[in-house]
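The values are calculated or read from the model by the stated rules, or taken from the named source; none is laboratory data. As the structure is a prediction and not an experimental result, all values here were calculated from the model. Note that each Cβ is placed from the backbone with ideal geometry, even for glycine, and that neighbours are counted across all protein chains shown.
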C-alpha cells in the first residue's frame, strides 16, 4: 500500500461533464436497492408475467402444440391492444408495489440525515438531484415494463411477419409511452411523499394509501355524485388506464368514462403537484419566515 | 492578497425580517474568522455565499465571482462543512466521501483516490470502511471536514467545526485547520462562537451583531496596535507616579488596588517607568504588557451600535 504524505493538496485534474453528474446519484442510490432480499425477490417476480406472455405468444404460433391440445382455430388468442393493456395493467401493478418499497428510501434518508446542504453547495442543482433520484426508479421499472413489453412486441412481429408489425406499430408506441407515463407518475408520487415524510416505512405506507384510498374514494365519489367523473381525478390508476386505452386503441368496457384529454390533464396535474411538493422540500435549508 | 470574499451592500430578508443589513467589506486573509453571538447572521451569511439564500439587496463576490450570476462557478471553488449533522448514516465513510467528490466533478478513479487520502488526512483512515452511522461525534466532524476538502477547493468554509468536541478532538481539529492554512493552497473561513478557535487559527476577523458588521480587522495588526498598553501595580505614591508619567505624555488611569493602566507615549520605554518609579521611591510590584485578546475585541464590538458599516 502506498504511503501517502498526509497533507492537503488541491485538485487540478480533469472534471466530468456537468450534464452527466445526476447519474452519479443514480448509481449510488441503485447500489443499496438490491441489498434487500425482498426487493431482489420482488424484482425477479416481476419477470414471470412477461416470460409467461412470451411463452404464450410462441405457443400461439406453434401449430403442432395447438393440434396437440386439439385447437382447431389458427390462434389461441389475438395479440392486440387488449393483450398489451392487460400486460401494462399487470406490470404496472407490480412496478407500483416495487416503487412503494424502493421510492421512500431514496429521498427520506437524505432529509432525515440533513445531507441536502452537502449536495447543493457543490455545482449540483436541485433539478439534477430530483432527476438523479427519479432515474433510479425509472431505470429499474423500465426493465419490468416497456423493455419486456417491446420484446413481446418484437417476438410477435418476428412470428407474424413485418405486415403485422407495420400494422400494429401503435401498440409498440403505446406500450413505450404508456409505461413511461406510469413510471413517471408513481416515481414522482413516491419521491414527493418520501420528501415530506422522513420516516421511510410511513412514506411507503402513504404511497400505497394514495393509490388504494384514491381509487376507493374516487369510486365512492362517482357513485355518490351519480354519473360524476370527479372521482377519476383522485384515482391515478383509472386515469392511467384511460390514457393506455386511448394509446393502444382499446375500446373501454366502462359505461361512464373520462375522455383521454381529461385523463391526460389529470395525470399532468398529479405530476405537477408532486413536483411542486418536491421542490418545496428538496432545499438545502428550510427558511422559517 | 486578492480578496477572497467581497460583500457589497449585501442584505438578506426572510419575510419581513432583515437577517443581514447591507454588509460591506472585503476579506482577503488566508484564514478568516467569522464571529458573532447566536442569531447574528453568521450562518445566513455563509449560506448566502453558497447560494442557498437569495440576497434581497446588494451582492457578494467570492474570488471575484458574483454569487448572484456565477453561483455554479462559486460552488465549484468552495468546500463547506456545515454545523449540523449531515452524513448519510448507512453509507461507509469512503463511499460517502467518494460520492461527494464525484458530485463535485472528479472522475470516479480520482474521487476514490482522493476519498482515501482525505480520510487518512483527517485521521479516519482506519475507520473508512465503517458505516458513518457508527462514527462518534468527533469522527463525524472529521468526516464532514473530509467531504469539504476532498475535491480540492480553493476556499473551505467551516461552520462551527469544534462543536461538541472534547478537548483532545478540538485540538486535533484546530491543528488540522492550522495545517491546511500552512499549505497556503486554500483559504479558510472559520465561523464559530468560540473565540479561542478563531484566535488560534485566524488572521482576519469579521464580527457580526444583529445582521450588521460591528468589527472587521486584521488580528495581527490589532494585536500589535495594543503593544504599548501597560498595566502596572505599584506600592507607594501611585498618584505621583501617574502624574509624572502623564507629564511624559502617557495616558494613565487608576484602576484601584494600586494598579495603574497606561498607554505608553511614543519614545517612552519600560526602563523609563522603572527610572521614574525609583526617583519617587515607588515600588513596582508587577508590570505587564496588556495585549487586547480577541475576547476584548469581541466585547468591545458587542458594545458597538449596529449600522451595517464600519
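Couple of notes before you dig in:
- Of all positions in the stretch B:69-83, at least one carries a residue that is more than 26 Å from the chain's Cα centre (by Cα) and either away from chain A (no Cβ under 11 Å) or in contact (Cβ under 8 Å) with a residue 12 or more places away in the chain (or both).
- All of (1) more than 30 Å from residue B:143 (Cβ to Cβ); (2) buried (at least 23 other Cβ atoms within 10 Å of the Cβ) hold for residue A:106 with one exception: (1).
- Flag for residue B:93 being more than 15 Å from residue B:10 (Cβ to Cβ) and away from chain A (no Cβ under 13 Å): yes
- Filter result (within 13 Å of chain A (Cβ to nearest Cβ) and more than 14 Å from the chain's Cα centre (by Cα)) within the stretch B:156-175: B:172, B:175
- Residue A:35 falls short on exactly one of the conditions (1) within 14 Å of chain B (Cβ to nearest Cβ); (2) assigned to a helix (DSSP H, G or I); (3) within 23 Å of residue B:88 (Cα to Cα), and that condition is (2).
- Of all the listed residues (A:185, A:213), the sole one being in a helix (DSSP H, G or I) and closer than 18 Å to residue A:144 by Cβ is A:185.
- Of the listed requirements (1) surrounded by 22 or more Cβ atoms within 10 Å (Cβ to Cβ); (2) within 14 Å of another protein chain (Cβ to nearest Cβ); (3) under 22 Å from residue B:76 (Cα atoms), residue B:4 misses just one: (2).
- Restricting A:248, A:273 to those that are touching a helix residue (DSSP H, G or I) at 6+ places or on another chain (Cβ under 9 Å) and surrounded by 20 or more Cβ atoms within 10 Å (Cβ to Cβ) reduces the list to A:248.
- If you go through the stretch A:22-36 and keep only what is at pLDDT 90 or above and out of contact with any helix residue (DSSP H, G or I) (no Cβ under 6 Å at 6 or more places or on another chain), you end up with A:23, A:27.
- Screening the stretch B:107-128 for residues that are at pLDDT below 95 and in a loop (DSSP other than H, G, I, E, B) and picking the one that is surrounded by the most Cβ atoms within 10 Å (Cβ to Cβ) gives B:122.
- Subset tally (residues that are outside any loop (DSSP other than H, G, I, E, B), more than 9 Å from chain B (Cβ to nearest Cβ) and in contact (Cβ under 8 Å) with a residue 24 or more places away in the chain) for the stretch A:94-127: 16
- Within the stretch B:27-49, the set of residues being surrounded by fewer than 16 Cβ atoms within 10 Å (Cβ to Cβ) and either at pLDDT 95 or above or within 14 Å of chain A (Cβ to nearest Cβ) (or both) comprises just one member, B:39.
- Among (1) within 11 Å of chain A (Cβ to nearest Cβ); (2) within 24 Å of residue B:167 (Cβ to Cβ), the one test that residue B:114 misses: (2)
- Criterion violated by residue B:52 - all others in (1) surrounded by fewer than 22 Cβ atoms within 10 Å (Cβ to Cβ); (2) within 9 Å of chain A (Cβ to nearest Cβ); (3) within 21 Å of residue B:185 (Cβ to Cβ) satisfied: (3)
- Test: residue A:134 is away from every other protein chain (no Cβ under 11 Å) and over 17 Å from residue A:43 (Cα atoms): yes
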